[in-house]
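S.K.: Sharing a structure, written as structure tokens. Questions coming.
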Ligand SMILES: Nc1ncnc2c1ncn2[C@@H]1O[C@H](COP(=O)(O)OP(=O)(O)O)[C@@H](O)[C@H]1O
Ligand SMILES: [Mg+2]
């Protein structure tokens, strides 16, 4: 009797073990198939992404040459015409010039994004004097615009250490931030640059007295095509692409930094800040870790659209 019970129990236990093992094996097999499918999908997605980047890059190059020609001829027709132009004709030509300029800026930004996203941008950090770089940008590029709009630039100078960044990429970021402040601040505005550091990272802020940004819009700023007001009037007067902040965020992150924005709301001005590593002895000793090698052929950035 007892032997029978033990025998039946044994059979039950063995059956349970077989069922458990079988379901485990089956699950593993399914997981294996799913992971193989995912891997395949991933490879296909990457290939598609590469195809998209190649397409954008080729299409942009092809678009840029004719657009540059249109811009040159429109400029010559406007400024070097051998017949007097009517007011109406001058207005039309000015519109052609502005629109072509916007298209060229868009193509340049698209080229930059395709280079960044396909990892073809190289980052070569070196110790950078931030205050000198900001003063350069104010002097060289924005002097005329700022006087036109009666702007006041304030650099809150203080003894700060050099930062460890790629000067060209940093210049692109600063140009976009300053360009934005100029665009979105009415006549008579003020742009203040401030710095703070804990010795390891440097925080830089660009604060303006412009139109500000609503709380709802703040999280959208660094997305692609993030123009907050897409009305025709806004687009044609401020003439940007809505890609500058997305590019800036990518460049800052390639340089091991962070970028963010703050605003008390519409009409209250905006502050854009970023942080980057300081050129400490320790960071300089590990310079290789801050470098970013390009995948494939390295490309330079196209000039920034402002
Ligand atoms: N300083 C600023 N003040 C108010 N709004 C801003 C400021 N900087 C950026 N923005 C908003 O963020 C959007 C995205 O900026 P950006 O990516 O540089 O594109 P773009 O300059 O080509 O419009 C702008 O169109 C604008 O709506
Ligand atoms: Mg911009």
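S.K.: Quick one: in the stretch 155-168, which of the residues that are free of Cβ contacts under 8 Å to residues at least 60 places away in the same chain and not in a helix (DSSP H, G or I) is nearest to ligand 2 (Cβ to nearest atom)?
M.R.: Quick first cut of the stretch 155-168, residues free of Cβ contacts under 8 Å to residues at least 60 places away in the same chain only: 155-160, 167.
With the extra rule that they be not in a helix (DSSP H, G or I), the set shrinks to 155-160.
Details: 155: 21, 156: 23, 157: 26, 158: 27, 159: 31, 160: 26 Å.
Per the criteria, the residue is 155.
S.K.: Counting only residues that are within 15 Å of residue 127 (Cβ to Cβ) and buried (at least 22 other Cβ atoms within 10 Å of the Cβ), how many does the stretch 167-212 have?
M.R.: 3
S.K.: If you take the residues of the stretch 239-264 that are more than 11 Å from ligand 1 (Cβ to nearest atom) and in a loop (DSSP other than H, G, I, E, B), which of them is nearest to residue 123 (Cα to Cα)?
M.R.: 255
S.K.: Here's something else I'd like to know. Would you check which residues across the stretch 169-185 are more than 9 Å from ligand 2 (Cβ to nearest atom), in a helix (DSSP H, G or I) and over 14 Å from the mean Cα position of the chain (by Cα) and list them?
M.R.: Once the filter is applied, which keeps residues that are more than 9 Å from ligand 2 (Cβ to nearest atom), in a helix (DSSP H, G or I) and over 14 Å from the mean Cα position of the chain (by Cα), the stretch 169-185 yields 178, 181, 182.
S.K.: In addition: Do we have any residue at all in the stretch 98-118 that's outside any helix (DSSP H, G or I) and buried (at least 16 other Cβ atoms within 10 Å of the Cβ)? Lay out the reasoning, then the answer.
M.R.: The first filter runs over the stretch 98-118 and keeps only residues outside any helix (DSSP H, G or I), leaving 118.
Next cut, buried (at least 16 other Cβ atoms within 10 Å of the Cβ) only: 118.
Yes.
Read-outs throughout are calculated quantities, based only on the coordinates presented, and are distinct from any laboratory measurement. No experiment lies behind these values; they were computed from the predicted model shown. Virtual Cβ from ideal backbone geometry, glycine too; neighbours counted across all protein chains shown.
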